[in-house]
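Working notes for the structure below.
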Amino acid sequence: MRSHRAQDWIVLVLAAIVVVLSAARFAPASPTSLEVYPSPSLTRQTWLSDYNPALKGTPGDTPVLVFEGAEPGGTMLVLGGTHPDEPAGCAAALVLAENVMPEQGRVIVIPYANASGFTHNLPQEGHPSHYTLDTPNGRRTIPYGARLSNPVHQWPDPTVYVESVRGQKLAGVEARNLNRAYPGLQNGTLTSKVAYAITSLIREEQVDVSVDLHESSPEYPVNNAIVAHDRALDLAAITAVELELSGVAMNIEPSPESLRGFSHREWGDNTDTYAVLFESPNPAQGRLRGKTDEQLIIDGQDPMYVKASSRGRLYVPYTEEGTPLAMRVGRHIASIAALATSHTMLAPDRGIVLSGLPTYDELVSNGVGAYLSPGER
């Protein structure tokens, strides 16, 4: 009997060691680890709860950074981190916030739109909790979260999620998907409150152009794309031409009217903004990937995707060079710059002129870390 008890204790101790080691490997981000070091052009920092007081003191509240140029003009909103397991979106928003110097108009940046999603990982995905980049002044750790809000912060999931506009029915877990929650509910679930605050911000700040930064797996058909609301299609077309001239090819996808709760649909339907969403190819979130680690996030190289590409199974070009984070962030930053230029061409009195941003080629050559800071400037 004693030997059996001893064996039981040994098993429990070993299990505890495994849990501790796993926790060290997959420890979630805390709110204090959601760092951003704004450029000197920052004119105001506020919080998302200022646009929906129901968020105050919750894990959904997150910083809102406002950068204003000397010349009056229009306003652009850029969201990163809607899906925290799509790292180029958050990283591009950080590069934007830490380098942008507007000359005309304003840029509002929310780098961690779904702050709750950065505090956990999805079970069984094997994603790391963070990745680390070398910067000119040291190393910068950026959290890698989950597609959905943390269930600890919003529980339980309904059996069926019914979105608030047309009653579209989705899987229950989608209730925690920020990009299925728009236009949001002021006193709804945590995710819905976040969506409501962002929609309210667009209205109150009279945002001309709103951008939601995303990534998708290389086997997903909507990729290297601008998804645009009906009213934003002309703007998206001019932006795509601007990008093509600089060597960055982007497809244009109309926002489906039947898909509800999406930023590119509900922002455009419920506010006066021109709503677009950018997609870049991220193998770390694909179903065909191999080992999932920091290297895959940063280098974007996976032999399984090389094989899939050789068999015509992907919707983006994929070679042994992969799709590095620097390239994906470069696409987002180039797209933001081209969008601002295109909007200024169409509405000079509401122009948005940006400077200080690295080019696509500079990001690809120098890496994302070259344009980030690990501490105060």
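Throughout, read-outs are computed from the coordinates displayed, never taken from laboratory work. Quick caveat: nothing in here was measured; it's all calculated off a predicted structure. Every residue, glycine as well, gets a Cβ built from its backbone with ideal geometry; the counts of neighbours run over all protein chains shown.
What the table below lists for this structure:
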read-out: Whole-number percent relative contact order across the chain, with pairs defined as alpha carbons under 8 Å at least 6 apart; value: 19 percent
read-out: Angstrom value of the Kirkwood radius, inverse mean 1/r, which spans all Cα pairs in the chain; value: 21.1 Å
read-out: The range 191-248: C-alpha gyration tensor shape, a/c 1.5 cut-off, then a/b vs b/c; value: oblate
read-out: Percent RCO, i.e. relative contact order, over the range 154-221, from Cα pairs under 8 Å lying at least 6 residues apart; value: 19 percent
read-out: Other-chain or far-sequence residues with amide H under 5 Å of residue 131's (modelled H); value: 142, 144
read-out: Amide H partners (placed H, <5 Å) of residue 286, local residues excluded; value: none
read-out: Contour minus Cα-Cα distance for residue 137 and residue 311 (0.36 nm per residue); value: 58.3 nm
read-out: Per residue, the convex hull volume that the Cα atoms of the range 256-377 enclose (Å³); value: 180 Å³
read-out: At R0 = 35 Å, FRET efficiency that the Cβ-Cβ distance of residue 160 and residue 230 yields, to 0.05; value: 0.80
read-out: Segment residue 366-residue 299, length gained on full extension (0.36 nm per residue, minus Cα span); value: 22.8 nm
read-out: Net charge, residue 175 excluded, C-beta distance under 14 Å - Lys, Arg +1, Asp, Glu -1; value: +3
read-out: Rounded FRET efficiency, nearest 0.05, which uses the C-beta distance separating residue 345 from residue 258 and R0 of 30 Å; value: 0.45
read-out: Residues with amide H under 5 Å from that of residue 280, placed H, sequence gap 5 or more; value: 214, 215, 216, 224
read-out: Measure of compaction for the range 131-283 (Cα Rg per 2.2 N^0.38 Å); value: 1.14
read-out: Cβ-defined net charge surrounding residue 269, 10 Å radius [Lys, Arg +1; Asp, Glu -1]; value: 0
read-out: Over the range 65-193, volume per residue of the alpha carbon convex hull, in Å³; value: 123 Å³
read-out: Gap separating the Cα centres of the range 265-312 and the range 40-100, nearest whole Å; value: 22 Å
read-out: Relative contact order (%) - criterion: Cα under 8 Å, at least six apart; region: the range 41-137; value: 30 percent
read-out: Relative exposure of 267, 47, 155, judged by other C-beta atoms within 10 Å (fewest first); value: 155, 47, 267
read-out: Cβ-defined net charge surrounding residue 62, 14 Å radius [Lys, Arg +1; Asp, Glu -1]; value: -1
read-out: Projected label distance in nm at residue 237 and residue 46, using a 7 Å step from Cα toward the beta-carbon; value: 3.5 nm
read-out: Extension gain, residue 272 back to residue 203 (0.36 nm per residue minus Cα-Cα distance, nm); value: 24.1 nm
read-out: The chain: DSSP helices with Cα axial extent of at least 24 Å and average Kyte-Doolittle hydropathy no lower than 0.5; value: 2-26, 325-346
read-out: Among 239-249, 72-82, the order from most to least packed when residues are scored by Cβ within 10 Å on average; value: 72-82, 239-249
